[in-house]
Amino acid sequence: MSFLIDLRPVLRFPQLDGVVVVEAAFDRHAFSDAEFKRHSVALPDSVAGAVAKRKAEFLAGRLCARRALVLSGFEETAVAVGEGRAPRWPAGAVGSITHTEGVAAAVVARGDAFAGLGIDYERVVPPQTADEVAAMILTVGDRRFPPALPGWSAERFFTTIFSLKESLFKALYPRVGRFFDFQAAELCALAEEEAVLRLLEPLSAEFPRGREFRAFHYYSEGMVRTLVSVPLGEPGEG
C-alpha cells in the first residue's frame, strides 16, 4: 500500500489567476525507500541519509510540485534541490513547497506573471511555544492586530503571522539570495483570509524597505495555510 493517501488541487486560493496549488495527504508510517521508485522520483544524495519521516515529507512535496507543474502547463518533470535546499524549478516556472505532519503542498505559476511565490502550512503552535518565541517572530506592529480578530485564539494569531513570514521568505529568497529573519517584515493589514506584509528593512534594490506583498491565509482543522505572491514589475515603495 502506498504511503500517499490523496493528491489534489486546492481551490482555497482562487484570488490569484494562473496560480496552482496542489496538496497531498500522506502516511509517513507506511513509507519506505521503495516509494521513490514507485513514484518515479529520484532520491537525492542530500536526502538519502535522512530519517524516514524527512524522506516521506520530501517525496510528498515533490509529488505535489510535479502535479502542480503539469496543471500549470509545464512538462512533467522532477524538481531538484537547489541552493540553500530550496526547490530548483524548471525554466519559466516559480513556486515553493511545504510540508507538516502528514500534509504537503506546492504552489506553481509561470515566471512571466510572478517573480516569486511562497507557501507554508503550520499546525497551530501550542501556547507555551508561542510565548517562548514570540519576541523573535512578532514586531511591535504585528501585535496591534489581535483585538480586531474576534474568535481567533492567541495561538492561531501567532501561527498565522509565523506562517505568513515563512511564506514571504520562500517567495523572496530565490530573488535576494540570502537569509533574513522574522523581524525584517511586519503585517500592515490582516483580514479573515487576506493580509499585507511590509518590509522593515531593504533586502535588495528590487525589494527596498517599505515594499508590500499581498498574502492569503486560511484556517482549517487546526492548521494554518498561507501563500504570499510577488508580482513581476511591481514598483518598490519607500
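Read-outs throughout are calculated quantities, based only on the coordinates presented, and are distinct from any laboratory measurement. For clarity, every value in this text was computed on a predicted model and none was experimentally measured. Virtual Cβ from ideal backbone geometry, glycine too; neighbours counted across all protein chains shown.
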Given charges at Cβ of Lys, Arg, Asp, Glu: the stretch 39-162 dipole, positive-most of LEU71, VAL107, PRO127 = LEU71
query = Which residue fluctuates the most in the chain, going by a Gaussian network model with Cα springs under 10 Å, if the choices are ALA104, ALA60, ALA205?
reply = ALA205
query = For PHE114, which sequence-distant residues (separation of 5 or more, or a different chain) have an amide H within less than 5 Å of its own amide H, given hydrogens modelled in the peptide plane?
reply = LEU232
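Taking the convex hull of the alpha carbon atoms in the stretch 1-125, what volume per residue do you get, in Å³?
Here the figure is 119 Å³ per residue.
Using the Cα centre as the reference, give the magnitude of the dipole from point charges on the C-beta atoms of the stretch 1-153 (Lys, Arg: +1; Asp, Glu: -1; all else neutral), rounded to the nearest 20 debye.
160
What net charge do the residues around PRO44 carry, taking every other residue with its C-beta under 11 Å from that of PRO44, with Lys and Arg at +1 and Asp and Glu at -1? All intermediate terms of the calculation are to be shown ahead of the outcome.
Working: positive: LYS55, ARG62, ARG85, ARG88; negative: ASP45.
It works out to a net charge of +3.
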query = Can you work out ³J(HN,Hα) from phi for every residue in the stretch 21-32, in order, using Karplus 6.51 cos²θ - 1.76 cosθ + 1.60 and θ = phi - 60°, giving whole Hz and x for Gly and Pro?
reply = 10, 10, 10, 10, 9, 9, 10, 5, 6, 8, 7, 9
